[in-house]
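Visitor: I'd like to ask some things about the structure below.
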Amino acid sequence: MRSPTLRLLLAAFLWSFGGMFVFFILNFHLEALGYSREAIGLAQAVLSSVGVVFAPPAAFFIPRMGYGRTLLLAGGMASAGLLGVGLDRETYVSLALYGTVGLLFQGALIPLFARRVTRDRTVGIYSLQAAATTVGGFAANLAAGYLTRVVAVDRVILFALPAFLLAALLVPSGEARTASPPFRIQVPRVWLTLLFPQVLVGVGAGLVIPFLNLYLREKFHLDYTGVSWMFAVSSLATALSMLLQPPLARRLGAVRTIALMQGLSLPFLALLAWSTWIPLVTASLLIRGALMNAAWPVFNALAMRCLAEEERPGFVVVQHALWSLTWAAASGISGKVQATLGLRAFDLLFGGTLVLYAAATLYWIFVFPRTGQRCGRSMEGSV
């Protein structure tokens, strides 16, 4: 494959396949090994929190190492960490190793795409990247659900290994020798205005998303395959919605598009939480995921447009670290609440998520247009 951009898009697909495969099966894997619900919550917290520890050095490391070499390193580290988790060898240490690689991969890949396209094509390329990663999630959910029927649940997770290795091999050879400008923050206020709503969403997501597969299985008595199909169809719907974002962003502007997508997702989150009719829950899962996640490529384009190249890897790393921190804290709390209340805990947890997502939506509507003026026309239709 000669096109470097196509190679990177395929690498994004494979990385997402591996990551979503692990995301789907990890709770079931740990459960099959005899871990308690609280221990699973701790595992999710470890997986997320390591990014916070390594964020500061990674912000300086990625530009010095170069985007291509960082992607190669991430592939090797993901494989090593996942092997330890799959074989139940120093599981928490292996999870910590695996948890650092998302920080490196995203911190290199997102700025690399921004370097390769013109400013007026950023939403387009990030929508393609997001669609590729989401289709990777679709394939991963189907594969994981099928493999639980033919392979022991505590060994299925190892089937994600080839995806990470192949993703590393697809990095264009020229990128492995290209350095980037040293990391430097130009205007800290811009970072704060972009990151604050992500903190709200990260906490809200951490309360329920890591446990959504367990919630659906327990509430509706589904098997692994049934849950995997629900997640797979949801991923496919999300991919389709992401491809619609470039014309929508050109028409409405980046900020209004983000607010619209997130706001429309809220009623479906409520239905997912409190409906008892499985067809409605399935439809709500599909629509909620499609709407909420469709805003990500628009946000990435907005952030890359607002920031200079020397800021971009560091911003992506810090964003990932904050997401990991909020996800870790919320998932740890969620695990304890579930251990105490059982399935009834999700009434409180979904309520908290709904409030936080609504607050993030209101922020984009009322606060960001006043505080994010440095982004200039990138807030409008020229993203």
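Visitor: Per residue of the chain, what 222 nm ellipticity follows from adding -39500 (n - 2.57) for every DSSP H run with n ≥ 4, rounded to the nearest 500?
Guide: Theoretical 222 nm ellipticity from helices: -27500 deg cm²/dmol.
Visitor: What is the distance in Å between the Cα centroid of the stretch 316-342 and that of the stretch 193-208?
Guide: Going from one Cα centre to the other spans 10 Å.
Visitor: Using θ = phi - 60° and the Karplus form 6.51 cos²θ - 1.76 cosθ + 1.60, what ³J(HN,Hα) does each residue of the stretch 81-95 get, whole Hz, x for Gly and Pro?
Guide: For the stretch 81-95, the Karplus-derived couplings read x, 5, 4, x, 5, x, 8, 6, 10, 6, 4, 5, 5, 5, 4 Hz, x marking Gly and Pro.
Visitor: Could you order peptides 108-114, 91-97 by the average number of other Cβ atoms within 10 Å of their residues, highest first?
Guide: 108-114, 91-97
Visitor: Sort 98-107, 353-362, 215-224 by packing, meaning the average of other beta carbons within 10 Å per residue, with the highest value first.
Guide: Going by the mean number of other Cβ atoms within 10 Å, highest first, we get 98-107, 353-362, 215-224.
Visitor: As a test of the definition: which semi-axes, in Å, follow for the stretch 253-373 when you take the square root of five times each eigenvalue of its alpha carbon gyration tensor? Largest first, please.
Guide: Equivalent ellipsoid semi-axes, largest first: 29, 19, 12 Å.
Visitor: Output the peptides 155-166, 310-321 sorted from most to least packed, where packing is the average of other Cβ atoms within 10 Å over each peptide's residues.
Guide: Averaged packing, sorted descending, gives the order 310-321, 155-166.
Visitor: Now, a different point. Calculated from the structure, Kirkwood radius over Cα pairs in Å equals which of (i) 22.7; (ii) 20.7; (iii) 29.4?
Guide: Only one listed value fits the structure, namely (ii).
Visitor: Also, quick follow-up: Once you charge only the Cβ atoms, +1 for Lys and Arg and -1 for Asp and Glu, what is the size of the charge dipole of the chain about its Cα centre, to the nearest 20 debye?
Guide: So the magnitude is around 1080 debye.
Visitor: Please grab the % of Cα pairs in the stretch 78-139 that end up more than 12 Å from each other.
Guide: The calculated P(r) of the stretch 78-139 puts 72 percent of pairs beyond 12 Å.
Visitor: To continue, here is another question. Calculate the all-directions average of the projected area of the stretch 98-255's alpha-carbon convex hull, and give it in nm².
Guide: 12.1
Here, each number is a calculation from the coordinates, and none is a lab measurement. On a predicted model such as this, the values are computed, not experimentally measured, just so you know. Backbone-built Cβ (ideal geometry, glycine too); neighbour counts: all protein chains shown.
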